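The numbers here are math on the coordinates, done by the rules we state, and not lab data. None of the values given here were measured: they were computed from a predicted structure. Cβ: placed from backbone, ideal geometry, glycine included. Neighbour counts: every protein chain shown.
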Ligand code: FES
């Protein structure tokens, strides 16, 4: 599945991800700046924070309690469409997923 990232300056970057990996893993593999992922995907750091395009929000798996709690402490403002990209597992039905990067992760 492909993922489209929008940087805070409006720059658009499209990458090819593999099914089964997380959006965070795909982003770090493709050197997407703005995803730090300090904890390596264990839902412990919130430095993989993204804003999910509204059209995709309902198609993502439900948020876990850890993720919910961590997002409250994210460096950039939490919004209704905030998620941790390490908790978004990619499948074929998420092809074309659109994620925006926050202006900071720390
Ligand atoms: Fe640390 Fe997602 S990589 S919470």
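The relative contact order of the chain, computed from alpha carbon pairs under 8 Å that lie at least 6 residues apart in sequence, is 41 percent. For residue 80 and residue 33, what does the FRET efficiency come to when R0 = 35 Å and r is the distance between their Cβ atoms, rounded to the nearest 0.05? Approximately 0.90, to the nearest 0.05. Computed from the Kirkwood radius of its Cα pairs, the Stokes-Einstein diffusion coefficient for the stretch 2-100 at 20 °C and 1.002 mPa s stands at 162 µm²/s.
In square nanometres, what is one fourth of the surface area of the convex hull spanned by the alpha carbons of the stretch 1-42? In nm², the orientation-averaged hull projection of the stretch 1-42 is 3.0. Counting only DSSP beta bridges with both residues in the chain, the antiparallel share comes to about 75 percent.
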